[in-house]
Every structure is written in structure tokens, then in C-alpha cells.
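First up is the structure itself, then whatever we jot down about it.
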There are 2 protein chains.
Amino acid sequence: MAFDLPPGLTAREFERALAAFAGAVGEQWVLATDEDRATYSDHFAIDEAAHRPSAAVAPLTVEEVQAVVRLANEHKVPLWPISRGKNFGYGGAAPRLKGSVVLDLSRMKKLEIDVENGTALVEPGVGFYDLYDYIKKNDIPLWLSVPGNSWGSVCGNALDRGVGYTTYGDHTAQICGLEVVMPDGDLVRTGMGAMTNAPTWQLYRYGFGPSWDQMFVQSNFGVVTKLGLWMMREPETMLGIDMEFDKADDLEWIVDTLAPLRREGILRQAPSIGSWLRGAAVLTTRAEWYDKPGALPDSVIDAIRKKFSMGWWSLSMRFYGPEEITAATAKVVRKAFNGRPVLSIKETAWRQGDPPELSAWAGVPITFPLQNANWHGGRGGHVGFSPVLPANGRAALAQFHRTYARYKEFGMDYHGSFAMGERHITNVNQVLFNKDDPEMMARVDKFFRALVDDATKQRYGEYRTHLDYMDLVASTYDFNDRALLRLNEKVKNALDPNGILAPGKSGIWPARYAGERS
Amino acid sequence: MAFDLPPGLTAREFERALAAFAGAVGEQWVLATDEDRATYSDHFAIDEAAHRPSAAVAPLTVEEVQAVVRLANEHKVPLWPISRGKNFGYGGAAPRLKGSVVLDLSRMKKLEIDVENGTALVEPGVGFYDLYDYIKKNDIPLWLSVPGNSWGSVCGNALDRGVGYTTYGDHTAQICGLEVVMPDGDLVRTGMGAMTNAPTWQLYRYGFGPSWDQMFVQSNFGVVTKLGLWMMREPETMLGIDMEFDKADDLEWIVDTLAPLRREGILRQAPSIGSWLRGAAVLTTRAEWYDKPGALPDSVIDAIRKKFSMGWWSLSMRFYGPEEITAATAKVVRKAFNGRPVLSIKETAWRQGDPPELSAWAGVPITFPLQNANWHGGRGGHVGFSPVLPANGRAALAQFHRTYARYKEFGMDYHGSFAMGERHITNVNQVLFNKDDPEMMARVDKFFRALVDDATKQRYGEYRTHLDYMDLVASTYDFNDRALLRLNEKVKNALDPNGILAPGKSGIWPARYAGERS
């Protein structure tokens, strides 16, 4: 089958590059059949072909990564590094620039745990299940923080600013020290790791001078080959409060109740206020309830909610630590909701010695949220639209109404959540679709662009986006004629003069591929 | 009086540059008399002349900063940006490279507070007293976190990783969004500020793509002209526990008691375990007790401690929030010290409605810790030696013994503290001296180098250092033949091809001045 080569390369030059890669990593780890290209494509994409790679190469060691990067410079082959490639909704394993060679790091599975200090040092191939299994097998009293899609990489998730359910759920904030292969093949360690054998590499974030960790997040400045991560000690107790709320407009006061609790550090995980479909889409499918096009009517929503005893919104909070403190915290949080029309409240409790609680709140990996891709039937998929809002009810409710109206206009079922950061809200909107429904797929792109446009008018930027929209979203960061993008690209060109590393990631294009910007 | 010109400039070229600066900021804001040069020198330096500037220029607005930076490129004049220049112990207002022109930003005093969200946006000239006065005058229910030397700049302190006394005391971690004049005069806003008028600039740290804030900390990549900072809401209560400990070797179990409380987020400010001299040096002077050279003998230490009822070590902890939670936390912390030989315990309490507590724990600016410079009499001064250790008692005690022996060997009085981070200790050692005692001053440099050498053997790096030792400390970060320094300098040269911005800061030298590295 015909496929796109890396831009500017002839078939012969491409073959020569692959042969060189094979020399560095072994024949069997250069993957360049049609099946391989399909494997590394984005199965949730609106148009898979737009981001199809030409091949993949899968090194095992840091030295092999360095060798591949050097060869990529020599042969002018753009590489797209992935950890485990499970970045679904944002591009999966696929590159921004079609014809790129995927640098698949999933074979790199080294893992060290410092039990006393509660830290991990992981290579990109270490998945949440790997880390969980290791901890269970070795009886280590640490808990993970896992994302809803836990078959992904611990490292990759933190590097794309993914989130989890515990007080350690802001994964990028748990990063402490990286090892990075630079675009020229040089090897850097950040923070205290810049001192050989420093015992504080995973203990102190900043090091001496400028601190680089967050520069390798959502960027294309280097290939992270080791990532330090802080982990939670198994707490003495985990108390919880689950709430359901009846009306869509309850969102305003829910946010206003939670915002000060978050800001003042009383509530220390980032609870997410999720719409009914977040819960329902993993329990049922649309076809069981409705067979017409257009957004679900209210009567059907009511019927689904009734069947599963769901609110319009749901909210779960968890408190971790000694029971004196968690009980006092739960009391303060309940008091904040006093007199409010909460539909239902459930309290939960786990204490050391109880049987393990097998939930994401307790750091147990899960994949059931992925079930939502089946909502419409057919080959399901979704893209995530995730603007950052101020943490206040007025802003949240207005954004909800604006977004809800767009979902209706485009005939899509609303699936939104509002995750409460310390001073912001990440408003994740899933756009669920059926790739086998061409009429629906024709709507998705326009719908998404309308959502971005609406948010930009409010001056709300996205925290993360799909490959298809990286240039669009980067362009909304428009201060001083896109000064930050200009700065990013200046650094990109200095570090990566051949532009071999992830061209186009987060809208950052090296000079060589500047013409590929959409 | 003769003085050093910027390297490579003739007197005439220098005069021309100053005239150009005057055209941008006004005659009166170019400061180039002998008195000016003395004013901007480091009065705590072992050798003030080593870091004497040639002049200072003091812009009022961002546009003036941009103009000065562009002129500095044109005239090849190295600039040393300072906020308020109170970085005592680390260099004060003085530049790393003598003959540099100090870019004094202390006239830039714009200040905005977002009361609802608990954030500030400050220009570099805003001091802690300015911010405090503003908050009091406008009856704003927010608390500052102040450093011991509170006459400095809020912005400058956060940019050098200074610390304070509350749960917001890791000031660099409170940064949320910067405005930066780049070395070529371009103007960048980081994080969500990269979107014009985004309401989330001070609310969400990361923005889209790589996150730059920490790259402008302890660096010479840009001139920060506005800094976003998170602030604490006035808490319902502030409960506290102050402890004194009798024996030097108590340090080990004190650290081991505190480390898990910090790691597990129970104790949320970073308490500092300080040696007796930290307390005594602000209450008395050495001459009142002893008139011989050499470190103070134990009998004198005992007498001083007795007079002021001091332990060998002291420790203060504070808990902020609703009383249910602070009281529960205090209980858990007290329990952790049960059965330990604590010399004395004092509990403190402040509740909303009480008269304001006028202490740094309550965010009130202070300067009395600076009194310690008078310990020896004469023109006093100090340098700080501040390695980062793992948060465990064994490591802390060994480092203490090692350092204490060095203080004795060099005839200096030990002044150390161990500030407990979440997973690390910042071990701040003050070397107090009398600049009018040439014999003492002759010892200080060797002593300091011995301390660095000892720590480096343990693979402990400093988090911050004096101008004199920036190259030395940078050289201890030696992984892969100083790969991180190589990376920093590659970026430095890309952003600042004329090397005009703070050459030598944190050991980062632009190509133009590479020969000045020590």
C-alpha cells in the first residue's frame, strides 16, 4: 500500500535510514509494514491517514535512543517519540507530521522505587499496571495516582499533563528530575540529577539555576528517557464523600462551594464535577435508549438518569491521612454544603487493615472509562476539548451553557466535566463519535472548531489538544503577536537545527518543516 | 576614582552607551558616580571590588526596559538586572561580572491583587513592605509569606528561590505566570498570559506546551518585569508548636520525626531546625561573651543558651486553616514527638478576630534576622552555604558533624539550620564575619571552598550561592561532563547572542564572555 515518506526524503533515502536504524536497534525493532503503520496510527482520529507514520523504531536502551537520534539527524528523518502511545483523544501513538517515524519507547521498562522517600524513577515503557504490579509484588506501602485510561505510560501521562484521582493527581506536578536525550544525541539530567549520583535527584525539584523539567512537558525539545515521580504513602485512612446533584444549573453553586476549599488547601485532590453521560456512557449505549439523530432529548436523559440513580452532575471527594485529620476535613467539607440542595450524599471510608479498595481513588489502575467510546456503536472514538477556566461558578456555568448549546446545535450528546484545580478549572469536554457514521464525522471538525472559537472569545485557552488542533490552539496564544511561540521556536531551532524531533508538537515547528504548519 | 569599564569597551564607547541609556530613561536615572558604584556593590562581599559595577540604569516602565535592553545590544554593554538588590549573602545588588551596568528595576512598583482568587501580579520594585502596606490599607484578607530579610523584592526573592515561614513559604513554587523582556527586547508572557487578556494568567501555571516560568528563575535568559504569585487567604486559625532541644545530636531524630510529616503533607510549611546562634545572633553580640579568636568554646555556648533559655536547636511549626483541621493536625504532630526528649514545648494560637499577630508566621514583614551581621562587630557580613540533603536524620547529622568540624577548624562560630522540604532538606549555613578583621577575612574563602568540597564528596549540591562561587558550584553539577551547563549555554547563546544579560549568573556564560569564567 502506498504511504507517505518523511517529507523531503526519497524512497531510497528512507530505506537507507531504516537500515541505519536497524543497525542501531536490531532488524526486528524497525517496524515498517502496512500493518505497523496502521498500528501506530490514531484510531480515534477523524482522519487516520492525516497522521500516519512511515515506520516505527523501538530502542531498548538510552544508548540506543541516542544512536537513533543521531542517525535521524544524519538522514534527516523526523521522529515522533511515544512512551506507550495511549494518548487517546489527543492522538494516540500517531505523529503530528505524517510520514514521521515513530520512536516507540515502550520496550524501555526500567523502574526503581525509593520506598523511604516515596519516589519512583521510571522509563517511558513503564505503564501504570507495571508500576502497580511491581508495588504489589514487592509489598511496597506506596499508592499510585492513575488516570482513567491506566494502560498508558506513567512517564507519558505526566509529560502530557494527564491527571489522576488522588492528592497526587496533578501528575506533571509530581515530576522530580528527568533524564533526556537532546535532539543532537547529548544526554542531560535535570535538577539535582545534573550532579552525578546525587541522592537528591528525585527529592528536590529545582536544582541550581534555571529548572528544565517543565520545558520537556508537551514539548519537542528532547526525548525523556527517565522520569522521577513523587508517590503517596499508603494513608492511614481514606475517607470520602460522593454527591449527586439534580439540576444542570447547580453547577454554579457547586463550583463556588468547592473553589475556596481547593484554594485554601482543605480539599487536596482535584475533584471533577462530571455530567450524567460520564457515568452512563460506561454502563449503557445510546442505542438502548434512542435511535434518532440529534442530541438526546431531556426525556431520554431523565430516563437514563432514573435507571442508574444518577444526578445531572456527580462529584466524588477523597481525603487521605490520619483519621483525626481526614475526619475533621470531611466535617469541614460537609459543612460547606450545608443547606444546599444536594440530591444524594454517600460517605465512604477505608482504613489501613481493611481489604484493599479496588478503585482509582486508591490508586488501582482502571480502564473502564474507555468504554465510553462505544456510546454510539460502530468504531467509536472521541476527541477532548479542554479549556482552562477561572475557578468560579459564574464562569463555569456560562461556559457550560455555551458549550451545551453547541453540542445541541451539532446534534451531539454532551459529555463534560469540570475538574477543580487550586485556582482554575480544567473543563474537559469529550466529543464521542462513531467513525463508521460519515455524516456524524463530517460534523465533528466544525463542531470542535466552534468550541475553540467560543472559548477563545472568552480568552480561555486549552491545556492540551489533539494533533489536528495543535496549530489552531497554539495560535490562540496570541500575546504580542505570539511571542511565546516565537520564543519556543527560537529554542527549538537552536536545540534541533535539523528539526528531527516531533515537528509540530504543541504547534512548535522547526525551521525545516515550517511550511507544514496548518 | 578609577573603575572597571564593561569588558571590551573604551571609556568613550561607555560614555556613548550611558548617553543612549539616558535618552531612554532620562539623565537622572543613569547613575554613574563613584558613590553610585559603591551603592550597587556587594557590601557583604569578601572583596567588594571584584563585583563593582560601572554604572546603573533605572527604567520605570516595561517599554523603558525593552529600550535599555536593545541599546545594550547595540553598545555591547552587559546588564545585571536587580529587583531591589537585597540579595544579601548571595551578592546584594552587585553583578557577577565587574564593570557590568546594573539594571535597577526598583522604580517599577506596579501591583495588582485579585482578592477573590488570592493572587498578586507584581513588578520587580514591589517590596514585601509595599505589598503588606497595600493589603493593610485596602483591608484585603490575604496574608503574605515573607523572608527573614523582608525589605527585599517579592519578585526578586521568588526568582532566586527564597523562602518564607508559612505554607506558601516555597516562594518559587507560588509563581504563576511571568512577563519577561527577552535579551533581544522582545516581550513574552508565560503560561496562560501567552493568550492576550486571559483571566487565568495567575490561576493556572502551565499554559499550553512547554512551561517557561522556572527557566527564568536563577537564570539569565530574560528580565522578569511582572510576576504572578499565589497568596494565602487569611486563615480561620493559626495554631503553632515551638520546641527547643538540648543536644546537638538530637538533630537526627528531630529530622526523622519531621520527614514523614512533611512527606505526607501533614505539616505543610517547611519548618527550619535552627542552631542556637540563629536565635542568639539577633539578641546579643559575641563581644559580650568572649574576646578570643577561634570558635566559641562549649562553656560560652552553654552560658549564652542559659541566658536566653535556648535549646541547641529550636523549631517552630504552624498550622493554618479551620480549627477542626488545625487542632487535629497539631494533635497528630504532638503525638509524633511523644516519648522524645524535647527540652521545652510551647503551644501558640491565633484566631480570626484576635489582634493581628505581628510575626513572620502571620506574614508580617521583618528585618531583625539581619541583625546577625553584627555578631562579630565591625562592618559585618555573611555568605550563605546551602546544600540540599535527603530528608533523613542520618544524612542530616553526618552533614552537621562534618560542617561543625570545619567551622571549628577555621575558627568560626557555627550558624546552621535545616529547613524541611517535602522530600529534601535545605541546609543553610551562615558564615558570619567582620570585614574589618583582615585575618578573619583571609580565612573565609578557604573555609567556604572546604564546605563546598565536603558537600560535593557526598554528592550534595547547593540550591543557591554567592556570586563568588557560582562557577564553582555550577562545576559540581558534573553529570555527563556538565551536560546541563552545556544545554543552558546553548540556549543562552541562542537567546542572547551579544551576551548582554547577566553574564555568569548561575555559572551560565554567553560565548562573548566565556573567558571570564573562573
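A few points about this structure:
- Whole-percent pair-distance distribution, where bins are 10 Å wide, for the alpha carbons of the range A:152-274: 11, 34, 28, 18, 8, 1
- Per residue value of the accessible surface for the range A:1-122 (all protein chains in place, 1.4 Å probe), Å²: 39
- Fully extended contour minus Cα-Cα distance, from B:V282 to B:L358, at 0.36 nm per residue: 25.6 nm
- Distance between the modelled labels on B:R334 and A:D291, one decimal in nanometres: 7.0 nm (7 Å Cα→Cβ projection).
- For A:G311, distant residues with modelled amide H under 5 Å away: A:F245
- Chains B and A together bury some 8000 Å² of accessible area, summed over both sides, with a 1.4 Å probe.
- Label point at B:D246 placed 7 Å out along Cα→Cβ; residues across the range B:327-350 whose backbone nitrogen lies under 17 Å: B:338-346
- Helix B:251-263 and the longest principal axis of the C-alpha atoms of chain B enclose an angle of approximately 70°.
- If you look at the Cα atoms of chain B, you get an Rg and a Dmax of 23.1, 73 Å.
- Model label zone, A:N197; criterion: amide N under 20 Å from point 7 Å along Cα-to-beta-carbon; scope the range B:440-471: B:451-462
- Between B:K446 and A:E347, the simple label model (points 7 Å from Cα in the Cβ direction) yields a spacing of 6.8 nm.
- Taken about its Cα centre, the range A:237-469 carries a charge dipole of roughly 360 debye when the Cβ of each Lys and Arg holds +1 and the Cβ of each Asp and Glu holds -1.
- Using a cutoff of 8 angstrom between alpha carbon atoms and counting only pairs six or more residues apart, the relative contact order for the range A:376-472 works out to 40 percent.
- Dividing the convex hull volume of the alpha-carbon atoms in the range A:292-439 by its residue count gives 157 Å³ per residue.
- Under a model in which nothing but the beta-carbon of Lys, Arg (+1) and Asp, Glu (-1) is charged, the protein assembly as shown shows a dipole of about 260 debye around its Cα centre.
- For the range B:316-339, a drop of 50 Å² or more in accessible area on going from the chain alone to the assembled protein chains (1.4 Å probe) is found at B:E324, B:I325.
- Label positions at A:K109 and A:A303, each projected 7 Å from the Cα along the C-beta direction, are separated by 4.7 nm.
- Ellipticity at 222 nm from helices only: DSSP H runs of n ≥ 4 in the protein assembly as shown, each -39500 (n - 2.57), divided by the residue count, give -9000 deg cm²/dmol.
- Over all projection directions, the Cα-based convex hull of the range A:11-104 averages an area of 5.5 nm².
- Net +/- balance of residues flanking B:Y206 in space, Cβ distance below 12 Å, scoring K and R +1, D and E -1: -2
- Cα pair count fraction exceeding 13 Å, expressed as % - the range B:314-371: 71
- Phi-based couplings in Hz for the range A:163-173 (Karplus 6.51, -1.76, 1.60; Gly and Pro marked x): 10, x, 9, 9, 5, 9, x, 8, 4, 5, 6
- Accessible area per residue for the range B:237-469 is 38 Å², calculated with a 1.4 Å probe on protein heavy atoms, without ligands, DNA or RNA.
- At R0 = 25 Å, FRET efficiency that the Cβ-Cβ distance of B:T10 and B:E74 yields, to 0.05: 0.95
- Using a cutoff of 8 angstrom between alpha carbon atoms and counting only pairs six or more residues apart, the relative contact order for chain B works out to 16 percent.
- Amide H partners (placed H, <5 Å) of A:A55, local residues excluded: A:V102
- Carbon-plus-sulfur accessible fraction, the range A:366-518 (probe radius 1.4 Å, protein heavy atoms only): 50%.
- Sorted shortest first, the separations between the A:R449 label point and its copies elsewhere in the assembly read 6.6 nm; each point sits 7 Å from Cα along the Cα-to-Cβ line.
- Integer Hz, Karplus 6.51/-1.76/1.60 couplings in order for the range B:470-487, x for Gly and Pro: 4, 5, 4, 5, 4, 6, 6, 7, 10, 4, 6, 6, 6, 4, 5, 5, 4, 5
- With respect to chain B, whose longest principal axis is taken over its alpha-carbon atoms, helix B:128-137 is tilted by about 80°.
- From the C-alpha gyration tensor of the protein assembly as shown, square roots of 5λ in Å: 47, 35, 27
- Around B:V444: net Lys/Arg minus Asp/Glu count, Cβ-Cβ under 11 Å: -1
- Charge dipole magnitude, Cβ of K and R +1, D and E -1 - the range B:111-233, Cα centre, debye nearest 20: 220
- Along the range B:349-362 the Karplus relation, 6.51 cos²θ - 1.76 cosθ + 1.60 evaluated at θ = phi - 60°, assigns HN-Hα couplings of 8, 10, 10, 3, x, 5, x, x, 7, 8, 10, 4, 4, 9 Hz to successive residues, with x for each Gly and Pro.
- Both radii were evaluated on the Cα set of the range A:88-238; the Rg over Rh quotient, with Rh as the Kirkwood radius, amounts to 0.96.
- The range A:392-446 - convex hull of the alpha-carbon atoms, volume per residue in Å³: 78
- Label point 7 Å beyond Cα along the C-beta direction, distances from B:V300 to other copies (nm, shortest first): 8.7
- Lysines with Cα under 17 Å of A:K457, excluding same-chain neighbours fewer than 8 positions away: A:K446
- Accessible-area composition of the range A:118-260, carbon plus sulfur, in percent [1.4 Å probe]: 48
- A label point on A:P356, set 7 Å along the Cα-to-Cβ line, lies at 5.3 nm from each of its counterparts in the other copies, closest listed first.
- Whichever lysines have a C-alpha closer than 20 Å to that of A:K335, once near sequence neighbours (fewer than 8 apart) are set aside: A:K346
- Over 29 Å (Cα to Cα) - which of A:K435/A:K505; B:K136/B:K435; B:K110/B:K435; B:K109/B:K505; A:K292/A:K435 fall in this group: B:K136/B:K435; B:K110/B:K435
- Pairs of Cα atoms nearer than 8 Å and 6+ residues apart set the relative contact order; for the range A:102-222 it is 18 percent.
The values are calculated or read from the model by the stated rules, or taken from the named source; none is laboratory data. Remember, predicted model here, so these are calculated numbers, not experimental data. Note that we place each Cβ from the backbone using ideal geometry, even for glycine, and neighbour counts take in every protein chain shown. Heavy atoms of the whole protein, side chains included, go into the accessibility calculation; ligands, DNA and RNA do not. Shrake-Rupley method; radii C 1.70, N 1.55, O 1.52, S 1.80 Å.
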